[in-house]
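Okay, so here's the structure we're looking at.
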Amino acid sequence: MINIGAVFARVKRALMRRGRTVHEAEDLVQEAWLRVASVGGLDKAANPAGFLMRTALNLSIDAHRAQSARGEEVAIEDVVLTDAAPGAEDQVLGRERMARMYVCLGRLPARSRAIFVAHRVEGLTYSEVAREMGISVTAVEKHVTKATLLITHCMEGW
């Protein structure tokens with residue numbers, strides 16, 4: 001006659017050595033016992049402890065594969081949710097800064113503004129802006145530099 005408590009403890013320890021928590025190991029031992037019992041129990045096995053161990057390890061492997069396939073399950077109590085959206089004050093300040101930026105852009109000479117917007121807002125390279133405007137790359141650089149300095153000065157304090 002086998003000491004079933006000792007066998008359960010040994011199987012549980014083996015599962016925990018393989019990364020299972022105490023609760024997971026206990027659940028797997030119980031499930032293995034139910035599976036073994038459904039096919040006739042440990043009495044009919046040549047090596048009852050080994051049979052239960054192999055059953056529990058197979059269940060652990062299956063559980064790991066299933067968890068990997070569907071992703072990790074997390075209890076909602078363990079999750080800290082943070083709202084990444086800006087707060088109301090930040091939104092108001094952002095709108096005020098944008099309004100100020102439009103004022104600053106409006107103070108630029110029309111050609112400098114067009115070149116600055118083409119490069120900084122539309123993302124065109126200096127060469128592309130130069131081709132589009134019919135001017136040299138050096139001229140584009142000077143317009144962008146001039147516009148950047150004027151906007152920076154205009155935005156001071158904002």
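The heavy atoms of TYR102 offer some 150 square angstrom of accessible surface to a 1.4 angstrom probe. Size of the chain: Rg and Dmax of its alpha carbons, in Å, are 34.9, 98.
Within segment 95-137, the proportion of C-alpha pairs whose separation exceeds 15 Å stands at 45%.
Spin-label model, HIS23/ARG10: points 7 Å from Cα along the beta carbon direction are separated by 2.8 nm. Backbone geometry of segment 6-23 corresponds, through the Karplus equation with coefficients 6.51, -1.76 and 1.60 at θ = phi - 60°, to 3J(HN,Hα) couplings of 5, 5, 4, 4, 5, 5, 4, 4, 5, 5, 5, 5, 8, x, 7, 6, 4, 5 Hz, x marking Gly and Pro. The HN-Hα couplings worked out from phi for segment 50-60 by the Karplus form 6.51 cos²θ - 1.76 cosθ + 1.60 (θ = phi - 60°) are x, 5, 5, 4, 4, 4, 5, 5, 5, 5, 5 Hz, whole numbers, x standing for Gly and Pro.
Which residue, GLN91, ALA6, HIS64, has the largest displacement toward the positive end of the dipole of the chain when charges sit on each Cβ (Lys, Arg +1; Asp, Glu -1)? In the chain, that residue is HIS64. In terms of the Cα gyration tensor, with a ≥ b ≥ c the square roots of its eigenvalues, is segment 72-158 rounded because a/c is under 1.5, prolate because a/b exceeds b/c, or oblate? It comes out oblate by the Cα gyration axes. Of the residues VAL121, VAL129, VAL22, the one with the largest accessible area comes first in the ranking VAL121, VAL22, VAL129, computed with a 1.4 Å probe on protein heavy atoms.
In segment 24-158, the portion of solvent-accessible area held by carbon and sulfur atoms comes to 55 percent [1.4 Å probe, whole percent, DNA, RNA and ligands not counted]. Solvent exposure of ILE151, expressed as accessible area, is near 10 Å², computed with a probe of 1.4 Å over the protein chains only.
Rolling a 1.4 Å probe across all protein chains gives ARG70 an accessible area of roughly 150 Å². Rounded to the nearest Hz, the phi-derived 3J(HN,Hα) couplings of segment 114-121 under the Karplus curve 6.51 cos²θ - 1.76 cosθ + 1.60 (θ = phi - 60°) are 4, 5, 4, 5, 4, 7, 7, 9, where x marks glycine and proline. Computed from point charges on the beta carbon alone (+1 for Lys and Arg, -1 for Asp and Glu), the dipole magnitude for segment 1-60 about its Cα centre is near 260 Debye. Other residues with beta-carbon under 15 Å from the beta-carbon of ALA118 carry, at +1 per Lys or Arg and -1 per Asp or Glu, a net charge of +2. Taking label positions 7 Å along the Cα-Cβ direction at both LEU149 and VAL39, the computed distance is 8.4 nm, reported to one decimal. Per-residue accessible area (protein heavy atoms, 1.4 Å probe) orders PHE116, PHE8 as PHE8, PHE116, starting from the largest. Rounded to the nearest 0.05, the FRET efficiency derived from the C-beta distance between VAL137 and GLU96 at R0 = 41 Å is 0.70.
The values are calculated or read from the model by the stated rules, or taken from the named source; none is laboratory data. Given the structure is predicted, the values throughout are model-derived calculations rather than measurements. Cβ: placed from backbone, ideal geometry, glycine included. Neighbour counts: every protein chain shown. We work out accessible area using only protein heavy atoms, side chains counted, and drop any ligands, DNA or RNA first. Shrake-Rupley method; radii C 1.70, N 1.55, O 1.52, S 1.80 Å.
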